[in-house]
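Notes follow the structure.
No lab work stands behind these numbers, since they all come straight from the coordinates. Everything numeric in this text was worked out from a predicted model, so none of it was measured. Cβ atoms come from the backbone with ideal geometry, glycine included; neighbour counts cover every protein chain shown.
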Amino acid sequence: MVTQVTSFSRNGLSDWLIQRVSSLILLAYFLFIGVQIATGIDYTSWRALHDTTAMKVFTLLAIGAYVSHAWIGLWTVFTDYLTEYMLGPVGNVVRPVLQIAVVLALVVYAIWVIHVIWG
Amino acid sequence: MLQVSVYRFNPETDAAPQMQEYEVETGGKDLMVLDVLEMIKAEHDASVTYRRSCREGVCGSDGLNINGKNGLACITPLSDAVKNNKLVIRPLPGLPVVRDLVVDMSLFYAQYEKIEPYLQNNSPAPAIERLQTPEDRAKLDGLYECILCACCSTSCPSFWWNPDRFVGPAGLLQAYRFLADSRDQATDERLAKLDDPFSVFRCHGIQNCVNVCPKGLNPTRAIGHIRTMLLNRAA
C-alpha cells in the first residue's frame, strides 16, 4: 500500500514548496558554475573559488537542494508507477527496495560532497 | 459508410476485451456520436451497452473516449471526432469496465464524496436564504457548472495511477467551488484535508482535464487556487 510515510516532509504543501525552492537554488548554482566555466577557468582559480567559505556554503546548499529535489521527484515517480495497483503485489517489494537504493545513493552523494569541500 | 470500432467486453463471459467493427450509414449528416451508437444498437447489435440519458450534454452520463479523446457522446459531432472516416469508441480510461462502454465510477464518486461537496455553515439559518453579494456569487462561475461526467478525471494520468488517493480534477474543481463560496464556513477544515502529498499535489498541471472538459471548465486553474489558499494558510 502506498502511504505518505516515506515522503520527504509527509506534507504535500511542504514537499511542493521544497521542490520549487530547491529547483531555483540548483538553477542558480548551475548557472553560476556554467558562467565560471564559460569565462575560462584553470585548476588554480577553480581551487581558489571552491576554497572560499561562500562557495562552500553555496555548494552545500546546492547538494541539500539536490538531495531534497531528487527524493521528492523520485518518490512521486515511484508512488505513481511502482505500486500494487500498477504491478500487483510485487510493487510493494520493488518500490521500497528502489527507495532504499535512492536514499543510500543520495546520502553517499551528500557525504561525498561534504568530504570534498570540507575535507 | 462510416467505419465504427466499438470496445466490447463482458467480464462475466469474455477473457479479454475486443474491438468490434460496424459500418454505419449516416446519410452524410453530421450526427452526434451518441446518434451513431443508437443506430448501432437499433440496427446492428442490440447488445452494445452504454450509458445515456438527457442526450443534450446536461446529465453527464455518456462520457466516452472518442477517437482517443474523452468527451460526451451526445454533444460531440462526427465532424469534430471522425478522422479518415473512422470512429473509435472506448470506455473512459482508468476505471474498471462493467460492460462494453459502461465503467464502474465508484472510485470517482468516492473522491467526490471525500471533498464534502455541500455547504457547511453552522450559523442559524436565515428565514429565507443565505445572501451573497453579486461579486461573491461571481466567484462560483466556472465551478458550479460541472456535471460530474468524469471526462476530466479519467483523462488525468495522476488519477489513473492513484485513483484512491488523488482527488482528481473533477473533485478538486468542486472542492474549490466550496472553498470559494462566501457562505461556507469550513474553509480551514477543508484545506486541512487536502494538505497531504496525494490529494491535491499529484496534479502536475498537464491540463488534460482542461483539454477535454465538455463544459469548457478549467480544473487546473481551480487546483492552482487551492494551492494558493494552502500556501496562504501556512504562511
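Could you put B:Tyr118, B:Tyr176, A:Tyr85, B:Tyr144 in order, starting from the residue whose Cβ has the fewest other Cβ atoms within 10 Å? Provide the component values of the computation, followed by the final result.
Values: B:Tyr118 9, B:Tyr176 26, A:Tyr85 17, B:Tyr144 13.
In increasing order of surrounding Cβ atoms, one gets B:Tyr118, B:Tyr144, A:Tyr85, B:Tyr176.
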Distance between modelled label sites at A:Asp51 and A:Gln36, nm, 7 Å Cα→Cβ extension: 1.4
Three-way shape call for the protein assembly as shown based on the alpha-carbon gyration tensor, with the a/c threshold at 1.5: prolate
Burial ordering of A:His50, B:His225, A:His115, fewest other beta-carbon atoms within 10 Å first: A:His115, A:His50, B:His225
In sequence order, calculated HN-Hα J values of the range B:45-62 (Karplus, 6.51, -1.76, 1.60; Hz; x Gly/Pro): 7, 6, 7, 4, 10, 7, 9, 7, 8, 6, 6, 9, x, 10, 7, x, 6, 9
Other-chain or far-sequence residues with amide H under 5 Å of B:Leu31's (modelled H): B:Leu78
Vicinal HN-Hα couplings computed from phi for the range B:67-82 (Karplus, 6.51 cos²θ - 1.76 cosθ + 1.60; Hz; Gly/Pro x): 6, x, 10, 5, x, 8, 4, 6, 10, 9, x, 4, 4, 7, 9, 6
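Output the pairs from B:Lys29/B:Lys83; B:Lys69/B:Lys114; B:Lys41/B:Lys215; B:Lys41/B:Lys83; B:Lys29/B:Lys215; B:Lys69/B:Lys193 with a Cα-Cα distance over 20 Å in this structure; if there are none, say none.
Values: B:Lys29/B:Lys83 15 Å; B:Lys69/B:Lys114 27 Å; B:Lys41/B:Lys215 27 Å; B:Lys41/B:Lys83 22 Å; B:Lys29/B:Lys215 24 Å; B:Lys69/B:Lys193 32 Å.
Those over the limit are B:Lys69/B:Lys114; B:Lys41/B:Lys215; B:Lys41/B:Lys83; B:Lys29/B:Lys215; B:Lys69/B:Lys193.
In what sequence, highest mean first, do B:64-73, B:104-113 appear when ranked by Cβ atoms within 10 angstrom?
On the way: B:64-73: 22.1, B:104-113: 16.7.
Result, highest mean first: B:64-73, B:104-113.
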Fewest-first ranking of B:Glu56, A:Glu84, using other Cβ atoms within 10 Å as the exposure measure: B:Glu56, A:Glu84
³J(HN,Hα) computed for each position of the range B:174-186 - Karplus, 6.51 cos²θ - 1.76 cosθ + 1.60, integer Hz, glycine/proline x: 6, 4, 5, 4, 8, 5, 8, 7, 5, 8, 7, 10, 9
Two-site label geometry, A:Leu98 and B:Ser79: point separation in nm, points 7 Å out along Cα→Cβ: 4.7
For B:Thr49, distant residues with modelled amide H under 5 Å away: B:Leu101
Aspartates and glutamates with Cα under 14 Å of B:Lys139, excluding same-chain neighbours fewer than 8 positions away: B:Asp181, B:Asp184
Fraction of beta bridges assigned by DSSP in chain B that are antiparallel (%, nearest 5): 80
Built amide H within the under 5 Å cut-off of B:Val98, gap 5+: B:Val103, B:Asp104
